[in-house]
Amino acid sequence: MNDNEWLAARFETDRPRLRAVAYRVLGSLPEAEDAVQETWLRVTRSDTAAVENMSGWLTTIVARVSLNMLQSRKSRREDLVDVPEDDSSHRLGTPADPEQEALLAESVGAAMFLILDTLTPAERLAFVLHDMFAVPFEEIAAIMDRTPAAARQLASRARRRFQQQDGAPQSAGAGTQGVPVQDESADTADSIHAFLTASREGDFEALLAVLAPDIVVRADQAAVRMGVATGMDVPAEIHGADAVTRAFTRFSLAPVPALIDGRAGLAYVQDGVPRGVFLFHVAGGLITGIDLRADLSGLDIIVLH
């Protein structure tokens with residue numbers, strides 16, 4: 001396989017996630033396909049030899065393309081959830097996938113797009129990238145040519161708009177009509193990112209700093225059985241920051257960011273298929289609880305990397 005073939009195959013691996021990002025920013029599947037196609041054209045004109053994080057780099061490009069498209073829209077009425085009824089909206093090289101289109105539409109919901117449409121393009125992009133895709137504010141700031149503090153403020157303003165709407169979620173859990181909830185804190189995605197980084201690097205102190213002292217980790221029976229099958233000790237419950245830190249600094253699983261019922265979380269993926277998920281509860285910027293689930297029935301899981 002030559003470099004061009006490798007790049008094309010790598011892009012196809014990331015295409016579903018790139019389309020999910022563009023769709024949530026733009027609110028239209030045809031426009032999302034346009035954004036992904038434009039991303040591919042830019043990739044083919046770029047030098048990828050020095051790219052270390054291909055998924056992150058592709059996300060940056062599709063986010064910038066989507067922001068430009070959002071800013072260039074004329075003042076006109078638009079269908080906020082524009083799900084095509086035939087194959088005419090599919091772009092070159094993208095086969096029809098009705099199941100994927102249905103998943104995208106259902107995972108977001110019309111109500112969410114009605115609120116997203118009231119935001120400025122910058123607010124919308126910051127909110128989507130951070131609250132739905134767990135992109136750190138430092139990376140969002142680079143995409144938008146703003147400071148991390150400004151990116152955080154944009155997402156915070158967008159989040160308040162959701163909270164002001166009738167029927168907005170009032171407690172932790174999956175959001176109404178696909179709107180993600182930040183548990184009790186606006187920093188859930190940041191806390192998950194810090195947890196993932198510290199556990200990957202085996203950084204005991206950094207992991208301890210992001211955990212509440214009385215944190216409880218609970219595993220369902222399927223997760224316990226999966227741990228036994230893979231040679232890992234996965235107890236049904238772990239109590240306290242010290243015990244949780246010791247468990248996860250030597251944890252051999254390598255979870256990746258994911259959307260789980262519209263909420264930021266982590267997923268353990270094997271052979272391209274999610275086998276388990278990490279559901280987080282956050283308060284005051286600290287992780288107060290983690291639910292490990294290997295019984296994935298009824299969960300809507302979108303792997304982001």
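Only the coordinates and a few stated rules stand behind these numbers; no lab work does. Note that the structure is predicted; figures quoted are calculated from it, not measured. Using ideal geometry, Cβ is built from the backbone for each residue, glycine included, and neighbour counts are taken over all protein chains shown.
Per residue and in Å³, how big is the convex hull formed by the alpha-carbon atoms of region 259-305? Please list the in-between numbers first.
On the way: hull volume 3.7 nm³, N = 47.
So the per-residue Cα hull volume is 78 Å³.
Among TRP40, TRP57, TRP6, which comes first, second and so on when ranked by fewest other beta-carbon atoms within 10 Å?
Details: TRP40 23, TRP57 16, TRP6 11.
Exposure proxy ranking, most exposed first: TRP6, TRP57, TRP40.
Taking Rh as the Kirkwood radius computed over C-alpha pairs, what is the Stokes-Einstein D of region 1-73 at 20 °C in a medium of viscosity 1.002 mPa s, expressed in µm² per second? Answer from the Stokes-Einstein relation: 173 µm²/s.
Relative contact order, percent, of region 188-303 when contacts are C-alpha pairs under 8 Å separated by at least 6 residues?
Details: 221 pairs, mean separation 35.8, N = 116.
Rounded, it is 31 percent for region 188-303.
Would you kindly calculate the translational diffusion coefficient of region 188-303, applying Stokes-Einstein with the Kirkwood radius from alpha carbon pairs, for 20 °C and a viscosity of 1.002 mPa s, and quote it in µm² s⁻¹ without decimals?
153
Put a dot 7 Å past the Cα of GLN37, heading toward its Cβ, do the same for ALA243, and the two dots end up 5.6 nm apart.
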